[in-house]
Amino acid sequence: MPELYEGINCRCRSNGLTLAVELARRHILARIIDKRDSSSTLSRALGITSRSLELLSPLGVSRQLIEEGIAIQEARIYQGTRLVMRMPLHSCSSYFPTILGLPKDRIEMVPSATLSAMGVQVEYQLELLQFNKEGNQVVAELSNGENETFDYIVGAGGIHSAVRECANIAYPGFDLKEKWSIADVENWPYSKTFTLTQMKPGLVAVSVPIRENRFRFVSSCENALEAFPLPLKIHKVRSEGVFKVSVRQAESYSKGRIHLVGDAAHCCIPVGGRGMNLGIADAVELAKRMAGNPLDGYSEFRQREDKKVIAITERGRKIVTAKTLVARMEFNTVLVAAKYSPFVKRRLSRFVVEC
Ligand SMILES: Cc1cc2nc3c(=O)[nH]c(=O)nc-3n(C[C@H](O)[C@H](O)[C@H](O)COP(=O)(O)OP(=O)(O)OC[C@H]3O[C@@H](n4cnc5c(N)ncnc54)[C@H](O)[C@@H]3O)c2cc1C
């Protein structure tokens, strides 16, 4: 049983959980609260990159994720119903050769079980209301009336993080005007394949396998399934919904004894499948620093890394969703370059698999 160090609090789900397991592995037991009723059965993120698996490997959770997930072998790009490119998803240099499809609720269950085995439980139905600095510590006000003193507070509360707001850290960026949609379905023909289709100028939809016979559709319009141009053989729609997309990054990930990880620190479009993966990298880096390395450079380092990836996903979004002739030409140029240049294809594939 690891020694208990009082006073490190983090809020979770996936990114907070990663941080908590990383800390527990280093004998620092965090208090973890979540205002939800219980662990989520809903799932947003689904693609876990090779880099994340590598980072999670010392925590002892990667093997189980690999056993449960679907190793996605190929990307197919369509324009309307015309297949314009097939790209093997493969990296020779990474921990795991491809990206893994697995719903986020399952991704969370594995570290959650590991954490429980280390003696830490997530406290559900408990909300952080606000906090105040007191000397070298922070006093948190919780929804059950407790006022508890901590050495650090980590905000892993997602886009609307109360920690970020209470610390007065700006979250500049923008919200896309249009609503996007998501649907989880059972069965459609192309297993182990990531499919991206540009339905018409400005509209994009993707499908990703997340379990045996289960697929996730995400689209930049309000009805992902209706708008998908390829023939679908769907046995069951398990869930559907619409959501808004924001592209933002906190002006700093740290302020005194307050630190941010995951969506509390940044958010980007879901089609690139990067949000949760960047959050995992934030959490692992922060844990490493909290356990003895200087915390000072955490914000600058992770901000810089996340910014690069967000910029690439934004560039991709603009190319595939823009309606202008110039953007369409740019999309076609990328496709032709990837089709005929093994170098470009390899780079694209490595970005999807590794980042
Ligand atoms: C449709 C869709 C598809 C996506 N697909 C992918 C993908 O394939 N790959 C990928 O990497 N990313 C993807 N993303 C992004 C990914 O889902 C997010 O980046 C990730 O879920 C962020 O995790 P988080 O733990 O930081 O925040 P969240 O998952 O938002 O969790 C925040 C938690 O904090 C709790 N909380 C909030 N405020 C408080 C408070 N005051 N007190 C206590 N608890 C609080 C909440 O209850 C919640 O449980 C997708 C996003 C969407 C919308």
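The values are calculated or read from the model by the stated rules, or taken from the named source; none is laboratory data. On a predicted model such as this, the values are computed, not experimentally measured, just so you know. Note that we place each Cβ from the backbone using ideal geometry, even for glycine, and neighbour counts take in every protein chain shown. Surface accessibility is based on the protein's heavy atoms, side chains included, excluding ligands, DNA and RNA. Shrake-Rupley method; radii C 1.70, N 1.55, O 1.52, S 1.80 Å.
Roughly how many percent of the accessible protein surface of segment 197-244 is carbon and sulfur, given a 1.4 Å probe and a whole-percent answer?
The C+S portion of the solvent-accessible surface of segment 197-244 is 46 percent.
Please report, as a whole percent, how much of the solvent-accessible surface of segment 287-353 comes from carbon and sulfur atoms (probe radius 1.4 Å). Could the numbers behind the result be given before it?
Working: 2510 of 4100 Å².
Carbon and sulfur atoms account for 61 percent of the accessible area of segment 287-353.
Given the options Gly80, Gly69, Gly47, which has the most mean-square fluctuation in a GNM of the chain, springs set between C-alpha atoms less than 10 angstrom apart?
Answer for the Gaussian network model of the chain: Gly80.
Which residue, Ser207, Ser38, Ser161, tops the fluctuation ranking in a GNM of the chain built on C-alpha contacts under 10 Å?
Of the options given, Ser38 has the highest mean-square fluctuation.
Given only helices, namely DSSP H runs of n ≥ 4 each adding -39500 (n - 2.57), what is the per-residue ellipticity at 222 nm of the chain, to the nearest 500 deg cm²/dmol?
It comes out at -10500 deg cm²/dmol, rounded to the nearest 500.
Hey, which of these cross-link pairs are over 25 Å Cα-Cα: Lys255/Lys307; Lys179/Lys318; Lys179/Lys200; Lys236/Lys318? Kindly include the intermediate steps, with their values, before the conclusion.
Working: Lys255/Lys307 19 Å; Lys179/Lys318 16 Å; Lys179/Lys200 17 Å; Lys236/Lys318 32 Å.
Those over the limit are Lys236/Lys318.
Going by average Cβ neighbours within 10 Å, how do the peptides 228-241, 264-277 rank, with the highest at the top?
Values: 228-241: 13.2, 264-277: 24.7.
Highest mean packing first, the order is 264-277, 228-241.
With every protein chain present, what is the per residue accessible area of segment 242-338 (1.4 Å probe, Å²)?
Ligands and nucleic acids excluded, the figure is 42 Å² per residue.
So which trypsin sites (Lys or Arg not before Pro) in segment 298-355 are both in a DSSP loop and have at most 11 other Cβ atoms within 10 Å of their Cβ?
Numbers: sites: Arg302, Arg304, Lys307, Lys308, Arg315, Arg317, Lys318, Lys323, Arg328, Lys339, Lys345, Arg346, Arg347, Arg350; in loops: Lys323.
Answer in residue order: Lys323.
Name the chymotrypsin sites (Phe, Trp or Tyr not before Pro) in segment 171-272 that are in a loop by DSSP and that have at most 15 other C-beta atoms within 10 Å, would you?
Values: sites: Phe174, Trp180, Tyr190, Phe194, Phe215, Phe217, Phe243, Tyr253; in loops: Tyr190, Tyr253.
The qualifying sites are Tyr190.
What percent of all Cα-Cα pairs in segment 75-191 falls in each 5 Å bin, counting up from 0?
Bin by bin from 0 Å, the calculated values are 2, 7, 9, 12, 13, 14, 13, 10, 8, 6, 3, 2, 0.
In terms of solvent-accessible area of protein heavy atoms at a 1.4 angstrom probe, what is the ranking of Met109, Met329, Met199, Met85, highest value first? If you can, show how the numbers build up before the last one.
Details: Met109 80, Met329 110, Met199 30, Met85 10 Å².
The ordering from most to least exposed comes out as Met329, Met109, Met199, Met85.
Which of rounded, prolate, oblate describes the chain, given a ≥ b ≥ c as roots of the alpha-carbon gyration tensor eigenvalues and a/c under 1.5 marking rounded, otherwise prolate only if a/b is larger than b/c? Present the calculation step by step, with values, prior to reporting the outcome.
On the way: a/c = 1.86, a/b = 1.74, b/c = 1.07.
The shape class here is prolate.
Grab the other residues whose beta carbon is less than 13 angstrom from that of Ile312, score K and R as +1, D and E as -1, and report the net.
Net of charged neighbours comes to +4.
With axes computed from alpha carbons, what is the tilt in degrees of helix 104-117 against the longest principal axis of the chain, rounded to the nearest 10 within 0 to 90?
30
Return the loop-located GluC sites (Glu not before Pro) in segment 146-231 (DSSP other than H, G, I, E, B) with at most 16 other Cβ atoms within 10 Å of their own Cβ; answer none if there are none.
In loop regions of segment 146-231 (DSSP not H, G, I, E or B), the sparsely surrounded GluC sites (Glu not before Pro) are Glu146, Glu212, Glu222.
Tell me, what % of the accessible area of segment 76-134 is carbon and sulfur with a 1.4 angstrom probe?
Summing carbon and sulfur atoms, their accessible area is 50 percent of the total for segment 76-134.
Using a 1.4 angstrom probe and counting only protein chains, how large is the accessible area of Ile33 in Å², to 10?
We get 0 Å² for Ile33.
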